[in-house]
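Structure first, commentary second.
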Amino acid sequence: MTRLALAFFGSAAFSVPTLAALFEAGHDVRAVYSQPPRAAGRGHKLTRSPVHVLADERGVPVRTPTSLKDEGEQRHFADLTLDAAVVAAYGLILPRAMLSAPRLGCLNVHASLLPRWRGAAPIQRAILAGDAETGVTIMAMEAGLDTGPILLSQAVPITAETTAAKLQDSLAQLGGKMMLEALEGVAAGSLQPRPQGDAGVTYATKVERDDGRIDWQQPAVVIERMVRAFDPWPAVWFSCRGERIRVRAGAVVEAEGPPGTVLDDEATVACGSGALRLLVLQRPGRAAMAAAAFQRGFPLPVGSSLG
């Protein structure tokens, strides 16, 4: 393994396995860039990103600029005299001056099979669309949004049990391994990037907090995908008796009725087409529980409407 002088850009939990892989491989990580600490929890305590925490544990300097447009920030980056920079779920766009500063350029870990699902939420959008597979792409970065040439890609299946949380974990681990392979190939000159092309381009728009609200007019298959795609955040929910009830798991069944109507004692709810059996539910501030147990404390009567 060729030891390279690197900087790492990342913030989310998805980024951590890649940074950990760089450390374990013995690369010279000279700086880590991450989003600034943010207020979190009931006490609104300033909390470092998962990447920031790992970098601190390893004694690597962490920079948390709110913007990379500042010329002084860009000069500091250039002065690191890097072989390459590695980017994974960072949260800010790197300007051209920073993209071109490292000798071998900037490499990005992206959680989709580019050019499908460029953008902010590729994992959730792939599940929502009913894709049979997704994967990881290692890309040589350029100024466009996830438009850079592909160095490596590897597919991962999406099954009926795949949730965003599980998929993120598996893609994050895969991304770390693939980045080591990509860095070695780029440094040796044995790995040549290939253009993405124009066919099959889709965009993964950002997930918003209210995207998880159930519209029972939607087909049951769509709502069930939402349950898996928005696990753990923003979660899928409906309003009932003044409470926001989360649906943590559901199954599509063949049944009909006015959308939003509870059809039986098994918490089966009619949708725009088909029905969704609610398998695991959660009230605010309570633990998630199987529908049968949930119904004993918060019944959803047959014939009632969930909106």
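The values are calculated or read from the model by the stated rules, or taken from the named source; none is laboratory data. If you're wondering where the values come from, they're calculated on a predicted model, not measured in any experiment. Ideal geometry is used to build each Cβ from the backbone, glycine not excepted, and the neighbour counts take in all protein chains shown. Note: accessible area is taken over every heavy atom of the protein model, side chains too, but ligands, DNA and RNA are not part of it. Shrake-Rupley method; radii C 1.70, N 1.55, O 1.52, S 1.80 Å.
Annotations for the structure displayed:
- Single unsatisfied condition, Val16 versus (1) within 30 Å of Arg209 (Cα to Cα); (2) in a loop (DSSP other than H, G, I, E, B); (3) open to solvent by 30 Å² or more (accessible area, probe 1.4 Å): (2)
- Residue count for region 219-238, restricted to those that are farther than 17 Å from Ala270 by Cβ and open to solvent by 20 Å² or more (accessible area, probe 1.4 Å): 5.
- Only residues that are closer than 21 Å to Asp211 by Cα and open to solvent by 10 Å² or more (accessible area, probe 1.4 Å) were counted across region 242-260, and they come to 10.
- Spans of strands (runs of 3 or more DSSP E) in region 62-172 with at least 2 residues more than 30 Å from Gln218 (Cα to Cα) and acidic (Asp, Glu): none
- Hits in region 33-54 - residues which are within 20 Å of the chain's Cα centre (by Cα) and hydrophobic (A, V, I, L, M, F, W, C): Ala40, Val51, Val53, Leu54
- Each residue in region 111-147 was checked for being open to solvent by 20 Å² or more (accessible area, probe 1.4 Å), under 23 Å from Val16 (Cβ atoms) and of a type in the set (A, V, I, L, M, F, W, C), and 5 of them qualify.
- Among the candidates Arg42, Arg30, Arg3, residue that is charged (D, E, K, R) and either open to solvent by less than 20 Å² (accessible area, probe 1.4 Å) or in a strand (DSSP E or B) (or both): Arg30
- Failed criterion for Val207 (all others in (1) within 13 Å of Gln124 (Cβ to Cβ); (2) crowded, with 20+ Cβ neighbours inside 10 Å hold): (2)
- Every listed requirement among (1) open to solvent by less than 10 Å² (accessible area, probe 1.4 Å); (2) closer than 28 Å to Gln154 by Cβ; (3) part of a helix (DSSP H, G or I) is met by Val53 save one, (1).
- Within region 193-202, tally of residues that are over 15 Å from Thr137 (Cβ atoms) and either of a type outside the set (D, E, K, R) or buried (at least 16 other Cβ atoms within 10 Å of the Cβ) (or both): 1
- Subset of region 267-280 that is in contact with a strand residue (DSSP E or B) (Cβ under 6 Å, 6 or more places away or on another chain) and assigned to a loop (DSSP other than H, G, I, E, B) - its residue that is surrounded by the most Cβ atoms within 10 Å (Cβ to Cβ): Ala267
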